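Chemist: One structure is given below, represented as structure tokens, and several questions about it will come after.
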Amino acid sequence: MRTLLTNIRLIDPEAGTDALGWLMIDGDTIAETGSGNAPAADTVIDGRGKCLAPGIVDIGVKICEPGERHKESFKSAGLAAAAGGVTTMVTRPDTAPAIDTPEVLEFVTRRAREASPVRIRPMAALTKGREGREMVEIGFMLDAGAVAFSDVSNVTQNSKVLSRAMTYARSLGALIIAHPQEPGLSKGASVTSGKFASLRGLPAVSPMAERMGLDRDMALVEMTGAKYHADQITTARALPALERAKANGLDVTAGVSIHHLTLNEFDVGDYRTFFKLTPPLRSEDDRLALVQAVASGLIDVICSMHTPQDEESKRLPFEEAASGAVGLETLLPAAMRLYHSGDLDLPTLFRALSLNPSRRLGLSTGRLSAGAPADLVLFDPDAPFVMDRAELRSKSKNTPYDGSRMQGKVLATFVAGARVFGEI
């Protein structure tokens, strides 16, 4: 079966172009793209001048299987991802139990294959139980399908343990995804330190905690030669350390969540717990610095950091409430805020949403070139709507964008050439 998408804006992050044209899908791959007259096809879809881009590859999605299926399942997360234009979810190992053995990883892989309409590539824990004491069997976990290793927000405090894990990972070519934070300073913090935190009387953490954590990790990367990705850089203070590491030739990349690119510390307002995140929301100066870092390529990846939390864990005093927000369905419309503000063009956005995460994980997705997997998202960047969290497909509804006016709607999502969302 050959399917032709015609009259579309092709957003090509690899070429850095945004141009009117057509794209041909042959089976599960992209056959060719072009402008002008298109070849014959079995099915023709008129894109009506909307945008077609590589499907989003979202690093750091929490799916609460095993352990907390009432918050999110592979099925609900897969449906949410398809509706949000996410064609590959790179899932976190902070489940209950943690994904720290081949047996648990195989269970997760099997459940994902059975339930999710989009691709799922699992991460594994870096240390057993994510406790920072003993590293997992990295070789066996790679063989079982792990694409990276991370203890997520449980920072490994023992530098000797982390250095040994990095050395072993390097010998196997494994990627370590770390959470740059000085755990002593950041423990128990709800917001970023400053006047606003003081006025609200909330426990706070200095932005320097992130820089200190990143400085330590960069020293270990320099010592071991490991492949390293920082899951979230959220402060301007950490950017010089990241820039130095890249200039020195270290195999280092970094990500940032869409929430830290579009929200700031004042959004917490009157103790609104849907805005409680890890790391906490930062100042407006930090937010602007992060947007510029994405534009320049210093920060490589934009992710949703999808973290489902049920009503009971959020309807608590701000200090006691659970951290995190869902983001699979809001990632693209929130990213369109950066496009409509003129900060980032669409090829640059999809470089960070699709191409760079694919490259970092060694995946063939994220491109519009011939032979690439036909994982695509067709979207209208201008379509306005008001976000209603009750309409989200995720089991948990903890989005900070509830009630917000947004622009950008997914019209159709394709995975391996098959349409998994949309009716166009």
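The values are calculated or read from the model by the stated rules, or taken from the named source; none is laboratory data. Keep in mind it's a predicted model, so treat the numbers as computed, not measured. Here the Cβ positions follow ideal geometry from the backbone for every residue, glycine too, while neighbour counts run over all protein chains shown. Quick note on the areas: whole protein, heavy atoms, side chains included, nothing else; ligands and nucleic acids left out. Shrake-Rupley method; radii C 1.70, N 1.55, O 1.52, S 1.80 Å.
Chemist: Among the residues of region 239-263, which ones are over 22 Å from S150 (Cα atoms) and surrounded by 19 or more Cβ atoms within 10 Å (Cβ to Cβ)?
Modeler: Listed by number, the residues that qualify are L261, T262, L263.
Chemist: Then there is this: Can you pull out every residue in region 27-37 that is part of a strand (DSSP E or B) and touching a residue at least 40 places away in the same chain (Cβ under 8 Å)?
Modeler: T29, I30, A31, E32, T33 - these are the residues of region 27-37 that are part of a strand (DSSP E or B) and touching a residue at least 40 places away in the same chain (Cβ under 8 Å).
Chemist: Then there's this: Could you check, for region 106-117, whether at least one of its residues is over 30 Å from A83 (Cα atoms) and not hydroxyl-bearing (S, T, Y)?
Modeler: The answer is no; no qualifying residue exists.
Chemist: Something else now. Give me the helices (runs of 4 or more DSSP H) completely within region 158-261, filtered to those with at least 3 residues that are modelled with pLDDT of 95 or more, ordered by residue number. Before you say what the answer is, go through the steps one by one.
Modeler: Details: elements: 159-172, 183-186, 195-200, 208-224, 239-247.
Answer list for region 158-261: 159-172, 208-224, 239-247.
Chemist: Looking at region 108-140, which of its residues are assigned to a strand (DSSP E or B) and touching a residue at least 40 places away in the same chain (Cβ under 8 Å)?
Modeler: Hits for region 108-140 are R119, I120, R121.
Chemist: Which members of region 373-394 meet the condition of being part of a loop (DSSP other than H, G, I, E, B) and surrounded by 18 or more Cβ atoms within 10 Å (Cβ to Cβ)?
Modeler: Within region 373-394, A374, D375, M387, L392, R393, S394 qualify.
Chemist: Return the residues of region 190-203 that are buried (at least 19 other Cβ atoms within 10 Å of the Cβ) and over 23 Å from the mean Cα position of the chain (by Cα); say none if nothing qualifies.
Modeler: Matches in region 190-203: S193, A197, L202.
Chemist: Among residues belonging to region 283-312 that are hydroxyl-bearing (S, T, Y) and either in contact with a helix residue (DSSP H, G or I) (Cβ under 9 Å, 6 or more places away or on another chain) or under 28 Å from G16 (Cβ atoms) (or both), point out the one that is least open to solvent (accessible area, probe 1.4 Å).
Modeler: Among residues in region 283-312 that are hydroxyl-bearing (S, T, Y) and either in contact with a helix residue (DSSP H, G or I) (Cβ under 9 Å, 6 or more places away or on another chain) or under 28 Å from G16 (Cβ atoms) (or both), the one least open to solvent (accessible area, probe 1.4 Å) is S304.
Chemist: Being in contact (Cβ under 8 Å) with a residue 12 or more places away in the chain, crowded, with 17+ Cβ neighbours inside 10 Å, polar (S, T, N, Q) and assigned to a strand (DSSP E or B), is that true of even one residue in region 38-46?
Modeler: no
Chemist: If A169 satisfies every condition in (1) under 19 Å from Q232 (Cβ atoms); (2) among the aliphatic types (A, V, I, L, M); (3) within 24 Å of the chain's Cα centre (by Cα) but one, which is the exception?
Modeler: Of the numbered conditions (1) under 19 Å from Q232 (Cβ atoms); (2) among the aliphatic types (A, V, I, L, M); (3) within 24 Å of the chain's Cα centre (by Cα), the odd one out for A169 is (1).
Chemist: What tally of residues in region 47-85 results from selecting those that are touching a helix residue (DSSP H, G or I) at 6+ places or on another chain (Cβ under 7 Å), assigned to a loop (DSSP other than H, G, I, E, B) and buried (at least 24 other Cβ atoms within 10 Å of the Cβ)?
Modeler: Of the residues in region 47-85, 4 are touching a helix residue (DSSP H, G or I) at 6+ places or on another chain (Cβ under 7 Å), assigned to a loop (DSSP other than H, G, I, E, B) and buried (at least 24 other Cβ atoms within 10 Å of the Cβ).
Chemist: Could you grab me the full set of residues in region 99-144 that are among the polar types (S, T, N, Q) and either open to solvent by 30 Å² or more (accessible area, probe 1.4 Å) or at pLDDT below 95 (or both)?
Modeler: T101, T109
Chemist: Just wondering, is there one or more residues in region 358-370 that are surrounded by fewer than 24 Cβ atoms within 10 Å (Cβ to Cβ), touching an Asp or Glu at 6+ places or on another chain (Cβ under 8 Å), polar (S, T, N, Q) and in a strand (DSSP E or B)?
Modeler: no
Chemist: Same structure again: Taking the condition in contact with a helix residue (DSSP H, G or I) (Cβ under 8 Å, 6 or more places away or on another chain), touching a residue at least 12 places away in the same chain (Cβ under 8 Å), buried (at least 20 other Cβ atoms within 10 Å of the Cβ) and in a helix (DSSP H, G or I), does L349 pass? Full working, then the answer.
Modeler: Details: in contact with a helix residue (DSSP H, G or I) (Cβ under 8 Å, 6 or more places away or on another chain): yes; touching a residue at least 12 places away in the same chain (Cβ under 8 Å): yes; buried (at least 20 other Cβ atoms within 10 Å of the Cβ): yes; in a helix (DSSP H, G or I): yes.
Considered against the rule, which asks whether it is in contact with a helix residue (DSSP H, G or I) (Cβ under 8 Å, 6 or more places away or on another chain), touching a residue at least 12 places away in the same chain (Cβ under 8 Å), buried (at least 20 other Cβ atoms within 10 Å of the Cβ) and in a helix (DSSP H, G or I), L349 comes out as yes.
Chemist: Scan region 86-95 and tell me whether some residue there is in contact with a helix residue (DSSP H, G or I) (Cβ under 7 Å, 6 or more places away or on another chain), open to solvent by 60 Å² or more (accessible area, probe 1.4 Å) and in contact (Cβ under 8 Å) with a residue 24 or more places away in the chain.
Modeler: Within region 86-95 (the criterion being in contact with a helix residue (DSSP H, G or I) (Cβ under 7 Å, 6 or more places away or on another chain), open to solvent by 60 Å² or more (accessible area, probe 1.4 Å) and in contact (Cβ under 8 Å) with a residue 24 or more places away in the chain), the answer is no, since none of the residues qualifies.
Chemist: Would you check if V147 is under 24 Å from L263 (Cβ atoms), touching a residue at least 60 places away in the same chain (Cβ under 8 Å), open to solvent by less than 60 Å² (accessible area, probe 1.4 Å) and of a type in the set (A, V, I, L, M)? If you could, list the steps in order and put the result at the bottom.
Modeler: Working: under 24 Å from L263 (Cβ atoms): no; touching a residue at least 60 places away in the same chain (Cβ under 8 Å): yes; open to solvent by less than 60 Å² (accessible area, probe 1.4 Å): yes; of a type in the set (A, V, I, L, M): yes.
So V147 fails the test.
Chemist: Out of all the residues in region 270-292, is one or more modelled with pLDDT of 95 or more, outside any helix (DSSP H, G or I) and farther than 23 Å from S193 by Cα?
Modeler: No, there is no match, as no residue in region 270-292 is modelled with pLDDT of 95 or more, outside any helix (DSSP H, G or I) and farther than 23 Å from S193 by Cα.
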